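Heads up: the structure comes next, in structure tokens.
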Amino acid sequence: MTEALTKTDLQGALPLVASGKVRDLYEIDDKTLLFVATDRISAYDVIMENGVPNKGVLLTLCTKTWFKILSDAIPSLRTHFLTLDLPPQIPDSLRPVLQNRSMQVRKLRILPIEAIVRGYITGSAWKEYQKSGTVHGIPIPAGLQESEAFPDGPIYTPSTKAEQGEHDENIHPDQAVAIVGEQYAAKIAELAVQLYKVAHAYALERGVIIADTKFEFGADLETGEVVLADEVLTPDSSRFWPRDSYTIGRGQASFDKQFLRDWLVKEGLKGKEGVRMSEEVAKVTAAKYREAWEKITGGN
Ligand code: ATP
Ligand code: MG
């Protein structure tokens, strides 16, 4: 198994401007960032000590492929993606490790909400619904079973974008208006659902149900236009279910982090800091990421 990359070191070639749970962002110039996906993995908002080999490459290629699929389907869509090519500032010695796990992106002012779209009721939405008949405070028809599709189509259920170390909080779409303003909120809500529908139909034909996903949008620094940012439709930002074993009334086997989450719960490690995944957990998770990527994109 190749060594997982949990830290990047560009040896001063570019300044580091931010480091998230998974990505390290470097500045190429005042309009452009190098967006590097490491092999770090988080579960229950905690980053594991060790990484999942090759995960960052899969996330990057998956995102690049989806940007193309989405842009082909929605010609007016703008994304932050520029190129997978590394900028000239990167020395030859660092190129092999950064190639295919980095993309050059347009620097944006990120609009600080997570634009979640849910096609199926599961996870925190299922929990809330059982308690109160609502999802993010939105009333939902009675009688839905776990994992069932929402009867009136996918719903837009934003969350706050928490500062590092804090948890994102599910909010009602009206609260997103208070955070980003009426115009941006309306545009994000419309675009997020449209993108989900395109992706859902595309994946379904290939045997994968996208149960829910999260988008991030930014405002163009010059024009203020809404631009699709971050990673898109990866196993980190989405719940992917195999279509052939989909059955309502229970939780679903998934291609994503579920294996890791289940292991953490079983071992009593849920939410604990400094956890090292066993070799097996890292390996199985790596295989799941690869499987999801190959199914949907054909490995391109
Ligand atoms: P965060 O650290 O912000 O809570 P995260 O842990 O998911 O989120 P990563 O995915 O590791 O973060 O890093 C990506 C970060 O880069 C996110 O904070 C995201 O909002 C930000 N980002 C994505 N695209 C752009 C862009 N085009 N311009 C500026 N920032 C961006
Ligand atoms: Mg992220």
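The values are calculated or read from the model by the stated rules, or taken from the named source; none is laboratory data. Everything quoted here is computed from the prediction, not taken from an experiment. Every residue, glycine as well, gets a Cβ built from its backbone with ideal geometry; the counts of neighbours run over all protein chains shown. Each accessible area value is taken on the protein alone, full model and side chains, heavy atoms only, with ligands, DNA and RNA left out. Shrake-Rupley method; radii C 1.70, N 1.55, O 1.52, S 1.80 Å.
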Listed by range, strands (runs of 3 or more DSSP E) wholly within segment 182-282 having at least 2 residues that are out of contact with any Ser or Thr (no Cβ under 6 Å at 6 or more places or on another chain) and assigned by TED's automatic domain parsing to the domain that holds PHE35 are none
Residue hits (segment 22-36; more than 15 Å from THR285 (Cβ to Cβ) and not aromatic (Phe, Trp, Tyr)) are ARG23, ASP24, LEU25, GLU27, ILE28, ASP29, ASP30, LYS31, THR32, LEU33, LEU34, VAL36
Scanning segment 118-135 for residues that are free of Cβ contacts under 8 Å to residues at least 60 places away in the same chain and over 22 Å from ALA43 (Cβ atoms), the one least open to solvent (accessible area, probe 1.4 Å) turns out to be VAL135
Here the residues within segment 96-111 that are assigned to a strand (DSSP E or B) and within 16 Å of ligand 2 (Cβ to nearest atom) are SER102, MET103, VAL105, LEU108, ILE110
Checking SER71, SER76, SER93 in turn, the sole residue that is free of Cβ contacts under 8 Å to residues at least 24 places away in the same chain, part of a loop (DSSP other than H, G, I, E, B) and among the polar types (S, T, N, Q) turns out to be SER76
THR247: passes all of (1) polar (S, T, N, Q); (2) surrounded by 13 or more Cβ atoms within 10 Å (Cβ to Cβ); (3) closer than 22 Å to GLN145 by Cα but (2)
Counted residues in segment 162-185 being of a type in the set (A, V, I, L, M, F, W, C), under 30 Å from GLY274 (Cα atoms) and surrounded by fewer than 14 Cβ atoms within 10 Å (Cβ to Cβ) come to 1
For segment 137-168, the count of residues that are assigned to a loop (DSSP other than H, G, I, E, B), among the aliphatic types (A, V, I, L, M) and modelled with pLDDT of 95 or more equals 3
- Would you be able to say whether some residue in segment 200-212 is under 22 Å from PHE35 (Cβ atoms) and either surrounded by 22 or more Cβ atoms within 10 Å (Cβ to Cβ) or within 16 Å of ligand 2 (Cβ to nearest atom) (or both)? no
Flagged pairs (Cβ under 7 angstrom, 6 or more apart or on separate chains; first in segment 190-205, under 14 Å from PHE240 (Cβ atoms); second of a type in the set (Lys, Arg) and surrounded by fewer than 23 Cβ atoms within 10 Å (Cβ to Cβ)) are LEU204/ARG243
Condition check: acidic (Asp, Glu), in contact with a helix residue (DSSP H, G or I) (Cβ under 8 Å, 6 or more places away or on another chain), open to solvent by 20 Å² or more (accessible area, probe 1.4 Å) and within 28 Å of THR79 (Cα to Cα). Does ASP236 satisfy that?
yes
If we keep only residues of segment 1-45 that are over 17 Å from LEU94 (Cβ atoms), β-branched (Val, Ile, Thr) and assigned to a strand (DSSP E or B), then the residue nearest to ligand 2 (Cβ to nearest atom) is VAL17
The residue that is farthest from LEU84 (Cα to Cα), considering only those in segment 20-33 that are open to solvent by 50 Å² or more (accessible area, probe 1.4 Å) and modelled with pLDDT of 95 or more, is ASP30
Can we say VAL281 is touching a helix residue (DSSP H, G or I) at 6+ places or on another chain (Cβ under 8 Å) and either open to solvent by 30 Å² or more (accessible area, probe 1.4 Å) or touching a residue at least 24 places away in the same chain (Cβ under 8 Å) (or both)?
no
Reported set for segment 89-117 where residues are more than 10 Å from ligand 1 (Cβ to nearest atom), among the aliphatic types (A, V, I, L, M) and open to solvent by 20 Å² or more (accessible area, probe 1.4 Å) is VAL97, ILE116
Of (1) more than 14 Å from ligand 1 (Cβ to nearest atom); (2) within 30 Å of GLU280 (Cα to Cα); (3) free of Cβ contacts under 8 Å to residues at least 40 places away in the same chain, SER238 satisfies every one except (1)
TRP241: passes all of (1) crowded, with 18+ Cβ neighbours inside 10 Å; (2) in contact with an Asp or Glu (Cβ under 8 Å, 6 or more places away or on another chain) but (2)
